[in-house]
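Beneath this line is the structure, given in structure tokens, with notes to follow.
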Amino acid sequence: MDNVQPKIKHRPFCFSVKGHVKMLRLALTVTSMTFFIIAQAPEPYIVITGFEVTVILFFILLYILRLDRLMKWLFWPLLDLTNSIITAVFLSVVAILAMQEKKRRHLLYVGGSLCLTAVIVCCIDAFVVTKKMTNLKRFLGVEVERKLSPAKNAYPETGPDARQRPA
């Protein structure tokens, strides 16, 4: 009998939920940046969306090449979560400012709407990363404290409201 160990299957990043969310973020941010360039938006709008495109491309390449598994000295899920939060804040500001131009410059408004959609996708991305971090804690055996509310008693049979049952 051969002593063959089963090979662990790893889902490629492009086919994972995280991969789909990152690529959707990239598409939305590139499209909003394109609308900002066409509408001749103020330079900070273009710079912020361009920077976000660069960062998202960095994370996509990092996960496709599986560099996160090679460089274990850096906790990538936390860095990814931080990036999602910062991106959501900056794109929210850009979206709010750009969407105020609805009546004057329609393409700027469309770019702002796409930025707002990218913010929503950033929040979904943060949720996916947070879920992965929770699963990692569970895998490592880290216990998460769960507190009971003071109104509920953990052992209702022994509390002051316990009633004696007839035998």
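Tabulated results
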{"read-out": "For I96: the one exception among (1) open to solvent by less than 70 Å² (accessible area, probe 1.4 Å); (2) assigned to a helix (DSSP H, G or I)", "value": "(1)"}
{"read-out": "Residue pairs meeting the criteria (Cβ under 7 Å; at least 6 apart or on separate chains; first within 22 Å of T130 (Cβ to Cβ) and aliphatic (A, V, I, L, M), in segment 63-76; second at pLDDT 80 or above and not in a helix (DSSP H, G or I))", "value": "none"}
{"read-out": "Given (1) part of a helix (DSSP H, G or I); (2) buried (at least 18 other Cβ atoms within 10 Å of the Cβ); (3) touching a Gly at 6+ places or on another chain (Cβ under 8 Å), index of the condition A41 fails", "value": "(1)"}
{"read-out": "Subset of segment 83-93 [of a type in the set (A, V, I, L, M, F, W, C), crowded, with 16+ Cβ neighbours inside 10 Å and free of Cβ contacts under 8 Å to residues at least 40 places away in the same chain]", "value": "A88"}
{"read-out": "Residue within segment 49-60 that is open to solvent by less than 30 Å² (accessible area, probe 1.4 Å) and over 23 Å from V110 (Cβ atoms) present", "value": "yes"}
{"read-out": "Conditions (1) over 27 Å from V93 (Cβ atoms); (2) without any contact (Cβ under 8 Å) to a residue 40 or more places away in the chain: number failed by E43", "value": "(1)"}
{"read-out": "Any hit, segment 125-133, residues being of a type in the set (S, T, Y), surrounded by 13 or more Cβ atoms within 10 Å (Cβ to Cβ), under 24 Å from K18 (Cα atoms) and at pLDDT below 80", "value": "yes"}
{"read-out": "Every residue from segment 9-30 that is under 18 Å from S84 (Cα atoms) and open to solvent by 50 Å² or more (accessible area, probe 1.4 Å)", "value": "V17, H20, M23, L24, A27, V30"}
{"read-out": "Single condition D80 does not satisfy, out of (1) farther than 18 Å from G112 by Cα; (2) open to solvent by less than 20 Å² (accessible area, probe 1.4 Å); (3) at pLDDT 85 or above", "value": "(3)"}
{"read-out": "Unmet criterion (only one of (1) at pLDDT 85 or above; (2) within 24 Å of K131 (Cα to Cα); (3) touching a Ser or Thr at 6+ places or on another chain (Cβ under 9 Å)) for L26", "value": "(3)"}
{"read-out": "Extreme residue, farthest from K22 (Cα to Cα), among residues of segment 61-77 that are open to solvent by 60 Å² or more (accessible area, probe 1.4 Å) and among the charged types (D, E, K, R)", "value": "K72"}
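The values are calculated or read from the model by the stated rules, or taken from the named source; none is laboratory data. Keep in mind that this is a model prediction, so the values were computed, not measured. Cβ coordinates were reconstructed from backbone atoms using ideal geometry, including for glycine residues, and neighbour counts include every protein chain displayed. For accessibility, only protein heavy atoms count, side chains too; no ligands or nucleic acids. Shrake-Rupley method; radii C 1.70, N 1.55, O 1.52, S 1.80 Å.
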